[in-house]
1. For segment 109-128, enumerate the residues that are buried (at least 16 other Cβ atoms within 10 Å of the Cβ) and more than 17 Å from the chain's Cα centre (by Cα).
2. Being surrounded by 11 or more Cβ atoms within 10 Å (Cβ to Cβ) and at pLDDT below 95 is the requirement here; does LEU41 meet it?
3. In segment 127-161, what residues are touching a His at 6+ places or on another chain (Cβ under 9 Å), assigned to a strand (DSSP E or B) and either touching a residue at least 40 places away in the same chain (Cβ under 8 Å) or among the aromatic types (Phe, Trp, Tyr) (or both)?
4. So which residues in segment 121-167 are modelled with pLDDT of 90 or more and of a type in the set (Phe, Trp, Tyr)?
Amino acid sequence: SLSSKIHKFNHNTMLETIWTLIPISIVLAIAIPSFILMYALDAALDGVITIKAIGHQWYWSYECEFPDVLNYLEENLNLDNVNMLNIYFDSYMIYTDQLKKGEIRLLDVDKALFLPFRVPLDIVITSVDVIHSWAVPSLGVKVDAVPGRLNHIGVFIERKGIFYGQCSE
């Protein structure tokens, strides 16, 4: 009668196997190409320029290394004993009452980070105090800056422009 039909429906091994295997196969069909793509993105190109972004409570510090530029200068200008070119600076957000006409509140800084386009960049991100997030939304970049840890991302900027970054943590 009715109880035997319900019992068959609730304990049908074939049906339970099918409705378990179908979602598993869908998840695997999505996950495998995603893992391949994530691995390919993480194995980025060797950066010509290395930039270290260090998050602080209210500002970012940048350390830029340009080894290939100096190698080129050393080879083509016959310079001896050329050290690696390093640039260090802090970048503070401009306070609202100090903004000039045309500057964007909460995005403009006193010293901007200028990056070349069509050059492979390696950006290493860390923090000294709390968790930050180095993000440039228009470039599709967002990397967490965790104290005591180094995160990195390879960036290849395709076009000229002004790209505003922000800490999104």
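1. Narrowing segment 109-128 to residues buried (at least 16 other Cβ atoms within 10 Å of the Cβ): 109, 113, 115, 121-127.
Across segment 109-128, the qualifying residue is only VAL109.
2. Numbers: surrounded by 11 or more Cβ atoms within 10 Å (Cβ to Cβ): no; at pLDDT below 95: yes.
The answer is no for LEU41.
3. SER127, HIS132, ALA145
4. Once the filter is applied, which keeps residues that are modelled with pLDDT of 90 or more and of a type in the set (Phe, Trp, Tyr), segment 121-167 yields TRP134, PHE163, TYR164.
The values are calculated or read from the model by the stated rules, or taken from the named source; none is laboratory data. As the structure is a computational prediction, the values presented were derived from the model and not from experiment. Virtual Cβ from ideal backbone geometry, glycine too; neighbours counted across all protein chains shown.
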